[in-house]
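First the structure, in the form of structure tokens, and then the observations on it.
The values are calculated or read from the model by the stated rules, or taken from the named source; none is laboratory data. Predicted model, so just to flag it, every value in this text is computed and none were measured. No Cβ is skipped: glycine too gets one built from the backbone with ideal geometry, and neighbour counts run over all protein chains shown. Side chains included, ligands, DNA and RNA excluded: accessible areas come from the protein's heavy atoms. Shrake-Rupley method; radii C 1.70, N 1.55, O 1.52, S 1.80 Å.
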Amino acid sequence: MERRFPTPPAISLDDGLVYVHRVQITPSKVYFRGPEVTQSNRLLHDYPEDVDNFLRVSFVDEDLDKLHSTVLSSSANGEDQETRIYERILSTLRKGIVIGDKKFEFLAFSNRQLRENCFWMFASRTGLTAADIRESMGDFREIRNVAKYVKIS
């Protein structure tokens, strides 16, 4: 039996809005949020039956404010060294997040999301993985500015 997240409240949303689950990761804690209303995007629009398998993740400081890049490395003896916060972020990106019987793995991010220290994760299911979704988005390896070529639905 496949487990699903609790059903979002039965409030009808305007077109272009969806309920999604979020996770905020601080240096010492993980906060599970949602479902929250957010603006839909191409991924959520293209995979509406899998909206419960998408997770928006953000890295924040202990006050839930934006985490600044200065906390990612420190200078010792004139050499930059990664901090434990950097290691926590990298570990999350590499290992994913497990919630119940779902393992969410890194999916993608936009330029805007990168500036906001957030990204999308996806819990693979039979017939659809994060790699499948990334492949469906196209091959961006030769494109210097991907945002210029993104198809807006």
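Overview of values
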{"quantity": "Full-stretch length increase - Ala131, Glu87 - with 0.36 nm per residue and alpha-carbon distance subtracted", "calculated": "13.5 nm"}
{"quantity": "Förster-model FRET efficiency, 22 Å R0, Arg22 and Thr70, C-beta, rounded to 0.05", "calculated": "0.35"}
{"quantity": "Long-range HN-HN contacts of Gly34 with modeled amide H, under 5 Å", "calculated": "Arg22"}
{"quantity": "Segment 14-86 - accessible surface per residue (Å², probe 1.4 Å)", "calculated": "61 Å²"}
{"quantity": "Spin-label model distance (nm) - Asp14 vs Leu114, 7 Å beyond Cα toward Cβ", "calculated": "3.0 nm"}
{"quantity": "Environment charge at Lys95 (Cβ cut-off 13 Å; Lys +1, Arg +1, Asp -1, Glu -1)", "calculated": "+1"}
{"quantity": "C-alpha center-to-center spacing [segment 30-63, segment 80-107] in angstrom", "calculated": "16 Å"}
{"quantity": "Cα gyration tensor, segment 39-119 - rounded (a/c under 1.5), prolate or oblate", "calculated": "prolate"}
{"quantity": "Segment 15-117: trypsin sites (Lys or Arg not before Pro) falling in loop per DSSP and having at most 13 other Cβ within 10 Å", "calculated": "Lys29"}
